Structures are given as structure tokens and as C-alpha cells.
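Have a look at the structure below before the remarks.
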Amino acid sequence: MKRYINVDGNTATAKIAYFMSEIAEIYPITPSSTMAELCDEWAVEGKKNLFGNPLVVREMQSEAGVAGAVHGSLSAGALTTTFTASQGLLLMIPNMYKIAGELLPCVFHVSARALSTHALSIFGDHSDVMATRSTGFCMLCSNSVQEAQDLALVAHIASLNSSLPFLHFFDGFRTSHEVQKIEDISEEKIKTIIPYDKIDEFRARALNPRSPHEQGTAQNPDIYFQNREASNAYYQKAYDHVAGAMKKVGKITGRKYSPFEYVGSPSAKSVIIMMGSGAETAEETIDYLNKKGGKYGLLKVRLYRPFNASALTNALPKTVKNIAVLDRTKESGALGEPLFEDVVTALATQGIKAKV
């Protein structure tokens, strides 16, 4: 039986993060604070997670401390999560490199927010998450409150299957605080798609005095580079793990998702490529224009890292001639913003000729 709830994006995401985690390291920062506050509240009330225990919630003295605690907790074999945004996310970057380099599955849930430059701003752009795109975290974007819950679950499952950390993000304020009526995912259904074997594998390689091993060493350039290259195999499989997790979530929800989703005219000549809540408005506009005889399309990017060039170009109609890439960030001094540059590179490598 379907169960509908009225929630905002932060609450929808927190419900999944709480259930799928054993520990949450937190430090509140707007607009992500609600996720941490809810998890803390539910833990005090004794709400159970996947393992039948209340979530262990620990507030640190800064986001940098949170990232260090998350890294240590994961190294000890505990499924750990956190919530952040803006400069708070940037303080986590050093440990994000370590978490990704050590192939530790976890999910950071981020309500994306502008970074403070000439001024502090609470505008919900993507400049914070874009600053972490080289850390090795896979990056998954939700466009609505319903997607925030569904793709939060996708992120946790794909992270376990791939042994890679995920950054699940959605637009701050626009999605994090928007209240929508969504279909809740029952915890009993979630249990049917959990990769318990991967949880066991994760725990088996944790730091433990009963089965000691060495990690976090210093390496000379030749060995270091070989290890960096060896990680490619994990990232090459990440797209399939995300697509597989989307199918599993689709089976229990009836909602279909794909890493790159095209909507609009199958013979569109002009296409918008974007990610985030703006895609919802763009889709409504394109539907309206196409009903008036237009031929327009929209490509929603959900899996931003690793960026799969062939998947993006395969999703585009063969008729496309003009592409507008709508980034939600400002990268001073760059030839173009991040999503734009990735799209241009993808089109070039795949031999697609279109004006971007």
C-alpha cells in the first residue's frame, strides 16, 4: 500500500541516510542543518536503522573535524554519513581525497549552496559541489523532493556495490526546504534490495587489531602512480553500479531513473543540458512549447561523476544541432563552467557535431 507524506528535501533525504547508516558525524550549516537535526532527534527518540539500532550521532567542532571523524569511522568498518553545504563542504576536501583513495563506501548528503566570495550568500548554486569534483567522490544530483529520497537510496546502494564514496546533492533552499507530497519508501521494501554481502566485505577490510593490516602509508612516485591508476577499474564500473541501483529502487517504487535522462521531442534540434531543480521548470516549459508545435528537448544529468561521455551522447536525439548547457556555478578564469566543459569534451570525443 502506497504511503504519501508531505516533507521537504532535507527530511526526505535524512530518512534514507538515517536508515542506511550506523554513525552520523555532524556540524550544522545552512541549508543542510535540518538533515543533521532530524537525525539527532530521531536517535534520541530511539528510532531504529537498518541494523535495528538507533543511529549514533556525534557533533564535532567544525566540518573539518566531521570529515576526519567520518574517515576514521569508515576505516573502522562503520557505515557513516554526514550532511553539509558551502564552505562546510570545502573544509572536508582533504579527507574526501583519503576516503575515495582508500575505496571507502559512504554518502555525503549536500544541499548545494553558493560559496562565500566577495560576500556570503545563501543562493542555492553548485559552486560548493563543483569544488569537490576532483576528489574521487562519485556525484549524484537530485532535481526534486521525491528524487532526493529516491536517489539518496540509490547513492547508498551504489556506494556499497562500487566501494566508492558518493556525494548526493540537491539545490539548497529550492529543494532542501521545498515541501512536496511524495511517496514514501517503506523500510521493509528497502531491506529487500540491500547488498548485505557488500556490507560484509566492507567490514572485513576494516582496521581491526584481530586482523591487522597496513594502510595510509607513504609511497614513492612510481608506486603511488601505479596505485592511482589501479583505481580506474572501480570508476569504470561506477556508471553500471548506479544504473543497477536505479533499477533496484525502481522495482520497489515504480519510478524509473537513469544517469542521463532525455525528455522532449525525439527529433529535437535544440536541447538544454542541466542538472538540479531548474530541470523541473525546463521540462514543463519544453512540454508546453512542444505542444505548440516546437521541437525542443532536455537532458537531465543525474550522475555527474564519473562523467560518462558515451551515455550522454547516446541519450541525445540524432537530430540535435544546438545545445545550451546551463551551469549553476561561476568558475572565474575558466574557459567555461564545469558542466559546459564536460559536455563539450564528451561531444568532441564521441564525434558529435553540435553548436554548444
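The values are calculated or read from the model by the stated rules, or taken from the named source; none is laboratory data. Note that this is a predicted model, so its numbers are computed, not measured. Methodologically, a virtual Cβ is constructed for each residue, glycine included, from the backbone with ideal geometry; neighbour enumeration extends over all protein chains shown. Note: accessible area is taken over every heavy atom of the protein model, side chains too, but ligands, DNA and RNA are not part of it. Shrake-Rupley method; radii C 1.70, N 1.55, O 1.52, S 1.80 Å.
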Handout entry: Kyte-Doolittle mean at least -1.0 and Cα axial length at least 27 Å: DSSP H helices in the chain
Key = 232-253
Fill in the blank from the handout: The rounded separation in angstrom of the Cα centers of the range 237-270 and the range 82-161 is 20
Problem - Antiparallel bridges, percent of DSSP beta bridges restricted to the range 1-137 (to nearest 5) - result: 10
Practice task
In nm, give the distance between the simple-model label positions of residue 330 and residue 103, each being 7 Å from the Cα along the Cα-to-Cβ direction.
Solution key: 4.2
Practice task
Just reorder 18, 224, 296, 257 by solvent-accessible area, largest first, 1.4 Å probe, all chains present.
Solution key: 224, 296, 257, 18
Practice task
Grab the Cα-Cα distance for residue 290 and residue 183, subtract it from 0.36 nm times how many residues apart they are, and report the gain in nm with one decimal.
Solution key: 35.6 nm
Practice task
Pop a pseudo-label 7 angstrom from the Cα along the beta-carbon direction at both residue 348 and residue 280 and give the gap in nm to one decimal.
Solution key: 3.5
Practice task
For the chain, with a Gaussian network of springs between Cα atoms less than 10 Å apart, report the residue from 26, 190, 252 with the top mean-square fluctuation.
Solution key: 252
Fill in the blank from the handout: The size of the Cβ-based charge dipole (Lys, Arg +1; Asp, Glu -1) of the chain about the Cα centre, to the nearest 20 debye, is 1280
Completion exercise
Share of accessible surface on carbon and sulfur in the chain, whole %, 1.4 Å probe and ligands ignored, is 53
Fill in the blank from the handout: Using a 1.4 Å probe on heavy atoms of the protein chains only, the accessible area for residue 237 in Å², nearest 10, reads 120
Completion exercise
Once all protein chains are kept in place, residue 330 shows an accessible area at probe 1.4 Å, nearest 10 Å², of 150
Fill in the blank from the handout: In the chain the DSSP beta bridges are antiparallel at a rate, in percent to nearest 5, of 30
Fill in the blank from the handout: Result for the range 236-326: accessible area per residue, probe 1.4 angstrom, in square angstrom, of 48
Handout entry: Per residue accessible area in Å² of the range 1-84, where ligands, DNA and RNA are left out and the probe is 1.4 Å
Key = 39
Exercise for the section: Just round it to a whole percent: the fraction of Cα-Cα distances in the chain exceeding 39 Å. Expected result: 13
Exercise for the section: Note down the nm distance, to one decimal, between modelled labels 7 Å out along Cα→Cβ at residue 233 and at residue 207. Expected result: 2.5
